[in-house]
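The values are calculated or read from the model by the stated rules, or taken from the named source; none is laboratory data. It should be emphasised that the depicted structure is a prediction, and the values quoted were computed from it without experimental measurement. Please note: Cβ atoms are built from the backbone with ideal geometry, for glycine as well, and neighbour counts cover all protein chains shown.
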There are 2 protein chains.
Amino acid sequence: MYNFPSKLLENAVNELSKLPGIGRKTALRLVLHLLKQSTTNTDALGESIIKLRREVNYCKQCHNISDSEICLICSSPQRDHSLVCVVEDVRDVMAIENTNQYKGIYHILGGIISPMDGIGPSDLHIESLVSKIAKGKVKEVVMALSATMEGDTTNFYIYKRLKACLPDRQEFDINITTIARGIAIGDDLEYTDEITLGRSILNRTPYENTLVK
Amino acid sequence: MYNFPSKLLENAVNELSKLPGIGRKTALRLVLHLLKQSTTNTDALGESIIKLRREVNYCKQCHNISDSEICLICSSPQRDHSLVCVVEDVRDVMAIENTNQYKGIYHILGGIISPMDGIGPSDLHIESLVSKIAKGKVKEVVMALSATMEGDTTNFYIYKRLKACLPDRQEFDINITTIARGIAIGDDLEYTDEITLGRSILNRTPYENTLVK
């Protein structure tokens, strides 16, 4: 249907429309915007994309994106290295860091188990989590995955894997916890779905714990 | 608020979020998507952007984006060179070409007069339109701009400019027309706004003209 007057234009539109959530009309709008920018700006954009993918480095310990071999969180002595929070990707790390409520370290899976998208346990950084914990210095693993079917499946897989792999000795008697599911702050009780409401009753918290200290 | 674990990541997010309609969260989502692609793909995207801006070429006659000095439409002998359609940008050319209803040539303004965005007549390809028509071979100018305040202003400015500039001789007695405004095919009469409905009554068309021949 589209009949581009130029190969350059067509090529740029094709490449941009491969991005998720960007269709051909949006891609064309972006391309026309780029054509009005200076070459300095468009070079900066193009090069930042090429450099990002070519020079990206992942922390050897937690698999987070990092400029150094070991990321700032993993190399910080102020962090509690006996507490490991398991997350899907770097966005979750940034979201949790923004709360200022967590002082442990992270372990980035790089995704969640999702048979529909062809992602199985071997595609994720699960074995390195097991071997990290097998060293025996971790006391608690906090599972912080999305509250979806895929997140729950991944939680359960990792739970089983850890239970099966760890030697039956006292130093491996670690706590596996998940972040609390419940009614979001500011939400109306009557509009909350039944599963969330049911869970929030089952996992009720001592009132004193909710008071800001 | 955002605390990026890597400069590379931050840089790519900053550059992508300069694009219209792409905020920082979307940019981060795009960047994480790009990190999962092969370097071949990301290089292709980055290079297509750099090349697009550096190597883009505009047709010397109609200002459309083109790979050659004169675009395919302007250089085609099958086109009616006495009929010029004035449009805002390449998207309009593509939209009109897709209708298969127009056999004339185009003139791309590169925008419309919009004082709010600081775009005046001198920022647009208006003078080259006037000098094209001053050669005396054009019989009709079809104004095909958006039906907005800015489009109407631009239409009026070009109309006045052409009337003032063209010598008062018979060969310059050109028709200046606009594409029809009216009720879109498939639209309900009762939901049409009053201005459109009013215009569609004023500019009513002989019924035979609407029959497919």
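Tabulated results
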read-out: Positions within segment B:58-70 being in a loop (DSSP other than H, G, I, E, B) and either small (Gly, Ala, Ser) or over 14 Å from A:Ala12 (Cβ atoms) (or both), in sequence order; value: B:Cys59, B:Lys60, B:Gln61, B:Cys62, B:His63, B:Asn64, B:Ser66, B:Ser68, B:Glu69, B:Ile70
read-out: Check on B:Ser146, in a loop (DSSP other than H, G, I, E, B) and under 20 Å from the mean Cα position of the chain (by Cα); value: yes
read-out: Those residues of segment A:141-165 which are among the hydrophobic types (A, V, I, L, M, F, W, C) and either surrounded by 12 or more Cβ atoms within 10 Å (Cβ to Cβ) or in contact (Cβ under 8 Å) with a residue 12 or more places away in the chain (or both), in sequence order; value: A:Val141, A:Val142, A:Met143, A:Ala144, A:Leu145, A:Ala147, A:Met149, A:Phe156, A:Ile158, A:Leu162, A:Cys165
read-out: Residue in segment A:122-136 that is in contact with a helix residue (DSSP H, G or I) (Cβ under 6 Å, 6 or more places away or on another chain), within 22 Å of A:Ile195 (Cα to Cα) and not in a loop (DSSP other than H, G, I, E, B) present; value: no
read-out: Single condition A:Asn14 does not satisfy, out of (1) in a helix (DSSP H, G or I); (2) of a type in the set (S, T, N, Q); (3) in the same structural domain as A:Thr177 (by TED's automatic domain parsing); value: (3)
read-out: Unmet criterion (only one of (1) touching a Pro at 6+ places or on another chain (Cβ under 7 Å); (2) loosely packed, with under 14 Cβ neighbours inside 10 Å) for B:Asp168; value: (1)
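One line per residue, one yes/no per condition, for (1) modelled with pLDDT of 90 or more; (2) surrounded by 15 or more Cβ atoms within 10 Å (Cβ to Cβ); (3) not acidic (Asp, Glu):
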position	(1), (2), (3)
B:Tyr58	yes, yes, yes
B:Asp80	yes, no, no
B:Val93	yes, yes, yes
B:Thr99	no, no, yes
B:Met116	yes, no, yes
B:Ser128	yes, yes, yes
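Per-residue answers, yes or no, for (1) part of a helix (DSSP H, G or I); (2) more than 8 Å from chain A (Cβ to nearest Cβ); (3) more than 21 Å from A:Glu55 (Cβ to Cβ); (4) in contact with a Ser or Thr (Cβ under 8 Å, 6 or more places away or on another chain):
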{"residue": "B:Ala27", "(1), (2), (3), (4)": "yes, yes, no, yes"}
{"residue": "B:His33", "(1), (2), (3), (4)": "yes, no, no, no"}
{"residue": "B:Ala44", "(1), (2), (3), (4)": "yes, no, no, no"}
{"residue": "B:Leu72", "(1), (2), (3), (4)": "no, no, yes, yes"}
{"residue": "B:Ser75", "(1), (2), (3), (4)": "no, yes, yes, yes"}
{"residue": "B:Val84", "(1), (2), (3), (4)": "no, yes, yes, no"}
